[in-house]
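Notes for the one structure printed next.
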Amino acid sequence: MEYITLNNGLKMPIVGTGTNTYGKENNDYNAALTNEIPELLSALELGYRSIDAAIMYRNEELVGRVLAESTVPREELFITTKVPANEEYISSKEATRAAIDNSLQNFQTDYLDLLLIHFPIEDKGQLQNTWEVFEEYYEAGKLKAIGISNFKKEHLEELKEFAKVKPAVNQIQINLKEPNKDLLAVLKEEEITPVAWGPMKTEAQQKEVLDKIGESYKKSGAQVLLKYQIQRGVIVIPKSHNPENQASNLDLFDFELSAEDMKRIENL
Ligand SMILES: NC(=O)c1ccc[n+]([C@@H]2O[C@H](COP(=O)([O-])OP(=O)(O)OC[C@H]3O[C@@H](n4cnc5c(N)ncnc54)[C@H](OP(=O)(O)O)[C@@H]3O)[C@@H](O)[C@H]2O)c1
């Protein structure tokens with residue numbers, strides 16, 4: 001595994017696993033929860049240590065139980081979760097504190113590695129209150145890093161007006177369909193690490209080119225796609241229910257894409 005050092009010095013695995021459909025009937029985001037997550041067990045067995053969770057996924061407690069019951073020591077795990085930008089969680093500082101305390105309980109831990117605001121909070125007062133609670137828990141050591149998700153440049157500018165702690169990451173959609181180039185440039189300038197959600201999304205034509213590029217490295221198009229992101233410093237959190245795909249999505253560290261291929265993919 002390779003790591004990216006975040007702007008506060010914390011090291012985050014460059015590949016993690018998503019969880020938004022884990023532990024749900026038919027792997028359906030909106031379906032009822034099941035009581036087990038074989039995919040998470042196989043991910044841990046294969047070597048995934050960074051787990052991308054969220055309160056909105058409704059499966060935090062289940063994900064937390066599987067992690068707590070696994071043989072992987074807590075200090076090897078990198079647990080991310082996200083507070084929704086909904087009244088229930090951001091209407092007051094107390095509500096946000098209760099949400100974080102509940103997540104800590106769900107993961108049966110006394111600290112989270114990374115906590116994100118899941119979506120931009122439009123009300124400035126609520127944004128400030130929420131971030132101040134994040135900072136409070138960060139200063140207390142209960143959160144090792146704090147960040148944002150789906151924030152555009154203008155949302156970031158608003159946050160910067162009062163933030164004492166700079167967000168460590170912005171988790172946004174980054175893939176070949178939505179390259180998000182302008183925002184990536186802003187994040188680079190601000191030294192905020194980009195985390196790509198939905199990294200696997202591609203058009204059929206793009207997939208053909210990726211498969212072709214993969215031939216010369218003896219890698220699949222999906223591996224080329226993920227390598228492209230991590231080679232330019234974007235953390236990826238692909239999600240798979242298939243152990244073969246999970247294994248392949250981690251097998252990215254024994255090859256390097258040429259500058260020419262990086263450019264080709266960028267222009268797809
Ligand atoms: N912050 C946010 O607002 C936000 C939004 C969306 C998602 N997320 C997070 O980001 C994670 C990833 O995003 P995502 O789940 O939307 O999409 P994704 O990881 O881009 O794509 C998942 C799909 O790709 C397939 N796949 C995975 N590896 C593959 C491979 N090697 N070859 C072929 N197909 C492969 C999976 O099918 P199989 O199961 O068959 O492998 C699955 O259908 C989520 O789980 C969640 O944790 C965050």
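To keep it simple, each residue is scored yes or no on (1) surrounded by fewer than 16 Cβ atoms within 10 Å (Cβ to Cβ); (2) at pLDDT 95 or above; (3) within 21 Å of ILE4 (Cβ to Cβ).
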residue: PRO73; (1), (2), (3): yes, yes, no
residue: VAL83; (1), (2), (3): no, yes, no
residue: GLU87; (1), (2), (3): yes, yes, no
residue: ALA98; (1), (2), (3): yes, yes, no
residue: ASP110; (1), (2), (3): yes, yes, no
residue: ASP113; (1), (2), (3): no, yes, yes
residue: GLU122; (1), (2), (3): yes, yes, no
residue: ASN129; (1), (2), (3): no, yes, no
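Do you know which of the residues in the range 157-170 that are within 25 Å of PRO238 (Cα to Cα) and free of Cβ contacts under 8 Å to residues at least 60 places away in the same chain is surrounded by the most Cβ atoms within 10 Å (Cβ to Cβ)? Going through the qualifying residues, I end up with PRO167. In the range 32-44 there is no residue that is buried (at least 22 other Cβ atoms within 10 Å of the Cβ), under 22 Å from LYS227 (Cβ atoms) and among the polar types (S, T, N, Q). Figure legend. Inter-residue proximity from the range 237-253: first residues in a loop (DSSP other than H, G, I, E, B), second residues of a type in the set (D, E, K, R) and near the ligand (Cβ under 6 Å from one of its atoms), beta-carbon distance below 6 Å, spacing 6+ or different chains. Indicated pairs: ILE237/ASP52.
What helices (runs of 4 or more DSSP H) lie completely within the range 70-150 and have 2 or more residues being of a type in the set (Val, Ile, Thr)?
Here the list reads 93-106, 124-139.
The number of residues in the range 139-196 being under 15 Å from the mean Cα position of the chain (by Cα) and at positive phi comes to 1. Would you say GLU256 is outside any helix (DSSP H, G or I), free of Cβ contacts under 8 Å to residues at least 60 places away in the same chain and of a type outside the set (Lys, Arg)? It is true that GLU256 is outside any helix (DSSP H, G or I), free of Cβ contacts under 8 Å to residues at least 60 places away in the same chain and of a type outside the set (Lys, Arg). Looking across the range 220-257, the residues that are of a type in the set (Lys, Arg) and either over 16 Å from the mean Cα position of the chain (by Cα) or more than 10 Å from the ligand (Cβ to nearest atom) (or both) come down to LYS227, ARG232.
Within the range 39-62, being within 12 Å of the ligand (Cβ to nearest atom), in a helix (DSSP H, G or I) and of a type outside the set (A, V, I, L, M) holds for GLU39, SER42, TYR57, GLU60. Taking the listed residues LEU114, LEU77, LEU104, the one that is of a type outside the set (S, T, N, Q), in contact with a Ser or Thr (Cβ under 6 Å, 6 or more places away or on another chain) and under 21 Å from ASN20 (Cα atoms) is LEU114, with no other qualifying.
The values are calculated or read from the model by the stated rules, or taken from the named source; none is laboratory data. Small disclaimer: the values here were computed from a predicted structure and weren't measured. Neighbour counts are summed over all protein chains in view; Cβ atoms, including those assigned to glycine, are modelled from backbone coordinates with ideal geometry.
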